[in-house]
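Asks: One structure, pasted below without further comment.
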Amino acid sequence: MRKGLFVGSFDPFTIGHESVVSRVLGLFDMLVIGVGTNAAKHPSHSAEERVLAIERLYANEPRIDVVPYEGLTVDLARECGAQYLVKGVRSVKDFEYEREQADLNRRLSGIETILIPAEPGLESISSSFVRELQSLGHDVSEFLPTL
């Protein structure tokens, strides 16, 4: 069974994240979405709330499992049996960061990372951008998946 692991804080899960999932789902028999807790970030929603929101979105997709996690991504990959990590990249800056992470993850565990470039028109959408707009009272529904 080919299993992929797509991780992030997903605070919130945007249409950019949804695009990555839809584009890679055909590559795997199972895709685990790991909702991470990052001590350096101050999430607007708890990990449990973020997991539930993503589970609702993919309630009719049996090939997707959503789990919360803390710690190293490669440890979660081992725990869930994923052979590949999936990361979305929006810019050259993202690419360089994710390439470095991919190299480290491969060195630590042997796991490969698949980098998926953002679709045209989605490159500027980030969770932090959406949170900022929300905090200023703007409607952000165009940046969020529809249930």
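The values are calculated or read from the model by the stated rules, or taken from the named source; none is laboratory data. Here the structure is a predicted model, which is why all the values come from computation and not from measurement. For neighbour counting, all protein chains shown are included, and Cβ atoms are generated from backbone atoms with ideal geometry for every residue, glycine included. Each accessible area value is taken on the protein alone, full model and side chains, heavy atoms only, with ligands, DNA and RNA left out. Shrake-Rupley method; radii C 1.70, N 1.55, O 1.52, S 1.80 Å.
Asks: Tell me which residues, restricted to the range 111-131, are free of Cβ contacts under 8 Å to residues at least 60 places away in the same chain and β-branched (Val, Ile, Thr).
Replies: Across the range 111-131, the qualifying residues are 111, 113.
Asks: In the range 121-133, what residues are among the polar types (S, T, N, Q) and open to solvent by less than 80 Å² (accessible area, probe 1.4 Å)?
Replies: 126, 127, 128
Asks: Let me ask something else. Determine which member of the set 2, 23 is under 19 Å from residue 74 (Cβ atoms), open to solvent by 40 Å² or more (accessible area, probe 1.4 Å) and either in contact with a helix residue (DSSP H, G or I) (Cβ under 7 Å, 6 or more places away or on another chain) or in contact (Cβ under 8 Å) with a residue 60 or more places away in the chain (or both). Steps first, please.
Replies: Working: 23 fails: under 19 Å from residue 74 (Cβ atoms).
So the residue among 2, 23 that is under 19 Å from residue 74 (Cβ atoms), open to solvent by 40 Å² or more (accessible area, probe 1.4 Å) and either in contact with a helix residue (DSSP H, G or I) (Cβ under 7 Å, 6 or more places away or on another chain) or in contact (Cβ under 8 Å) with a residue 60 or more places away in the chain (or both) is 2.
Asks: Additional query: Does residue 56 meet the test of being open to solvent by 80 Å² or more (accessible area, probe 1.4 Å), in a helix (DSSP H, G or I), closer than 15 Å to residue 14 by Cα and of a type in the set (Lys, Arg)?
Replies: Yes.
Asks: Against the definition (under 22 Å from residue 115 (Cβ atoms), open to solvent by less than 70 Å² (accessible area, probe 1.4 Å) and in contact with a strand residue (DSSP E or B) (Cβ under 7 Å, 6 or more places away or on another chain)), how does residue 8 come out, yes or no?
Replies: The answer is yes for residue 8.
Asks: Which residue is farthest from the chain's Cα centre (by Cα), if the candidates are limited to the range 31-53 and must be β-branched (Val, Ile, Thr) and open to solvent by less than 40 Å² (accessible area, probe 1.4 Å)? So that I can check it myself, show each step before the final result.
Replies: First pass over the range 31-53, keeping only residues β-branched (Val, Ile, Thr): 32-33, 35, 37, 51.
If we keep only those that are open to solvent by less than 40 Å² (accessible area, probe 1.4 Å) as well, we get 32-33, 35, 51.
Values: 32: 10, 33: 6, 35: 7, 51: 11 Å.
Filtering first and then ranking leaves 51.
Asks: Still on this model: Among the candidates 108, 76, 85, single out the residue that is in a helix (DSSP H, G or I), more than 14 Å from residue 11 (Cβ to Cβ), open to solvent by less than 90 Å² (accessible area, probe 1.4 Å) and in contact (Cβ under 8 Å) with a residue 24 or more places away in the chain.
Replies: Answer to the check: 76.
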